[in-house]
1. Kindly evaluate K37 against the criterion of being open to solvent by 50 Å² or more (accessible area, probe 1.4 Å), touching a residue at least 12 places away in the same chain (Cβ under 8 Å), assigned to a helix (DSSP H, G or I) and not hydrophobic (A, V, I, L, M, F, W, C).
2. Within the range 40-70, track down each residue that is open to solvent by 90 Å² or more (accessible area, probe 1.4 Å), free of Cβ contacts under 8 Å to residues at least 24 places away in the same chain and either under 26 Å from K12 (Cα atoms) or not in a helix (DSSP H, G or I) (or both).
Amino acid sequence: MTSKPRNRHLRKIDAALLGAKIVKDGVEIVPVLAPLKGAVGIVITILETVRTITTNKEDWATLGRRLSMQIQSMQDKLSHCPIPHSTQLLLAVNSYEQKLQNVLTRVRLASGCGLPKRFLHHQTDKEDIMELNLEIVDYLTDFMVCIPTI
């Protein structure tokens, strides 16, 4: 729970997690309630998994929107640019756009999967989202580096 919850659903999950952790701590203090410790631990694991799945779903959607806006913005700016484009610039732009389109395709495939698949991949999805964000930054850096040479 390092980041601020982005929506009401996540706030409810966080509140339930906090409550379950308090109950777990209380169960550890009272020896008679020790059998509940395992059950509360399972509830905590389920809530943490649901939170991760929910966050991943939002992050996939955010990444998809970001890519779509970036591609559209680039296309709009190029179509309204009064300066003639060199062949090298067009090749660089097309290469950059193609890379973004490929990432967007991967994002759409990953974000469109059902709950069972999201459950199975909830940890790797988190890593994939971070990697794709870094990949986009790398593509932009490569693109920006080639512009002064054009």
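The values are calculated or read from the model by the stated rules, or taken from the named source; none is laboratory data. The structure presented is a predicted model; accordingly, all values stated were derived computationally and were not measured. Methodologically, a virtual Cβ is constructed for each residue, glycine included, from the backbone with ideal geometry; neighbour enumeration extends over all protein chains shown. We work out accessible area using only protein heavy atoms, side chains counted, and drop any ligands, DNA or RNA first. Shrake-Rupley method; radii C 1.70, N 1.55, O 1.52, S 1.80 Å.
1. Here the answer is yes, as K37 does meet what is asked.
2. If the condition is that a residue be open to solvent by 90 Å² or more (accessible area, probe 1.4 Å), free of Cβ contacts under 8 Å to residues at least 24 places away in the same chain and either under 26 Å from K12 (Cα atoms) or not in a helix (DSSP H, G or I) (or both), then I42, I46, R65 are the ones that fit.
Residues checked against (1) in contact with a Phe, Trp or Tyr (Cβ under 6 Å, 6 or more places away or on another chain); (2) surrounded by 13 or more Cβ atoms within 10 Å (Cβ to Cβ); (3) in a helix (DSSP H, G or I):
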| residue | (1), (2), (3) |
| --- | --- |
| L104 | no, yes, yes |
| R108 | no, yes, yes |
| C113 | no, yes, no |
| R118 | no, yes, yes |
| Q123 | no, no, yes |
| L132 | no, yes, yes |
| I136 | no, yes, yes |
| M144 | no, no, yes |
